[in-house]
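So the structure is just underneath, and the comments pick up after that.
The values are calculated or read from the model by the stated rules, or taken from the named source; none is laboratory data. What you see is a predicted model; the values in this text were computed from it and never measured. Note: ideal-geometry Cβ built from the backbone for every residue, glycine included; neighbour counts use all protein chains shown. These accessible areas exclude ligands, DNA and RNA; they are computed on the full protein's heavy atoms, side chains included. Shrake-Rupley method; radii C 1.70, N 1.55, O 1.52, S 1.80 Å.
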Amino acid sequence: MGKIKTSALPERRVQDGQVWDSVKKTAFVLGTGLLIFAAFRNTVTWHLQHFWGASGDFWQAQWGKLHNYFGGNEFVLYFLGAAIIPSLSFWMYNTILMMIDLTGKPNFLTQYKIQLGKNDPVDPGKLKHAVKVVLFNQFFLSFPMVILMYPLLKWKGNPCGTELPTFHWVLLELSVFAMVEEILFFYSHRLVHHPSLYKQIHKQHHEWTAPVGVVSLYAHPVEHVLSNMLPSMAGPMLMGSHVTTIMLWFSLALFVTTISHCGYHLPFLPSPEFHDFHHLKFNQCFGVLGILDRLHGTDLIFKQTKAYDRHILLLSLTPLTQSIPDPPKKTE
């Protein structure tokens, strides 16, 4: 019998220790979050519920008018809320980002670039090709998938019911959606990074090592279905959600993925450093929230960089590349 390599045992113990440590820390974070939510339920959420309730009659009335306007045609209401409005919102802010990337104006925004000197300005031909791919994905993949989602939602409940969901239920659903998306996106993303799939499928998305906003949906059709659509759709299908919640979730998901790819770390917006680093290095930061990356150790290199230090919500107008500058380059 061959001897066991004793040098591998300490390494395995370290890896097991890291995984267990990640599990404990994740449980601590989630547990603490639940306790904080419970503690503040009668204060913060009470005020939010009152705000929701104060405007609830208004939105309920508007929803009733929409029902009457479309003659009770629930499929039209569903398609408008689950497909058209999220897509229009996506193109609204991406058009602004594309104008900035193409012209480099207003000039003060360039100081917020994450990868300085990249896409400054962006190649118009390359951007035009990306826009064509994104439009193809939306019209020929996203819209049909949203249509196919409708019968399942009808089977589970009433997605276009006349009564809007309550504030607390929407909050719960959004939390479930985020966790489901994190799990499905992380593992599907890792899958398309497998050598047997990367070259044929995921390499297309990684043509942009310094991404721009519209690149969030620039992907091979297989990847678009597997990693872009299914992780976002699974939560609403699981919960049998109302179309207004689906509209809010899809619009939010498209906004977040656009910010993650935009290439700018702008004040008062979510940090895009995590996913931008993935485009730069390819083998780090596969998830959305980063929970599973911590669990699987796919953020270890990221944690050793200035990008990790900058992965925060910017609450001032001073760019993080100035407040947390890169170390000086070594001179020979």
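Look at segment 94-147 and say how many of its residues are of a type in the set (A, V, I, L, M) and in contact with an Asp or Glu (Cβ under 8 Å, 6 or more places away or on another chain). Please lay out each step first, then the result.
We begin by selecting, within segment 94-147, every residue of a type in the set (A, V, I, L, M); these are 96-100, 102, 109, 114, 116, 122, 127, 130-131, 133-135, 141, 145-147.
Those still in the list that are in contact with an Asp or Glu (Cβ under 8 Å, 6 or more places away or on another chain) too: 114, 122, 127.
Final tally of qualifying residues: 3.
Report, by residue number, each residue of segment 140-163 that is outside any helix (DSSP H, G or I) and open to solvent by less than 50 Å² (accessible area, probe 1.4 Å). Write out each step before concluding.
Here is the first cut: in segment 140-163, the ones outside any helix (DSSP H, G or I) are 157-163.
Answer for segment 140-163, where residues must be outside any helix (DSSP H, G or I) and open to solvent by less than 50 Å² (accessible area, probe 1.4 Å): G157, P159, C160, G161.
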Give the residue, chosen from M149, M92, that is within 21 Å of S271 (Cα to Cα) and modelled with pLDDT of 95 or more.
M92
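For L315, indicate whether it is surrounded by fewer than 16 Cβ atoms within 10 Å (Cβ to Cβ), over 17 Å from L116 (Cβ atoms) and touching an Asp or Glu at 6+ places or on another chain (Cβ under 7 Å). Quick ask: steps written out before the conclusion?
Details: surrounded by fewer than 16 Cβ atoms within 10 Å (Cβ to Cβ): yes; over 17 Å from L116 (Cβ atoms): yes; touching an Asp or Glu at 6+ places or on another chain (Cβ under 7 Å): no.
Criteria not met by L315.
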Would you please list the contacts, defined by Cβ atoms under 6 Å and residues six or more apart or on different chains, that run from a residue in segment 48-67 that is under 13 Å from T166 (Cβ atoms) to a residue that is at pLDDT 75 or above?
Q49/F167; W52/F167; Q60/L164
Would you check if N137 is of a type in the set (S, T, N, Q) and either assigned to a helix (DSSP H, G or I) or open to solvent by less than 80 Å² (accessible area, probe 1.4 Å) (or both)?
yes
Taking segment 54-80 only, how many residues are in contact with a Leu (Cβ under 9 Å, 6 or more places away or on another chain) and small (G, A, S)?
1
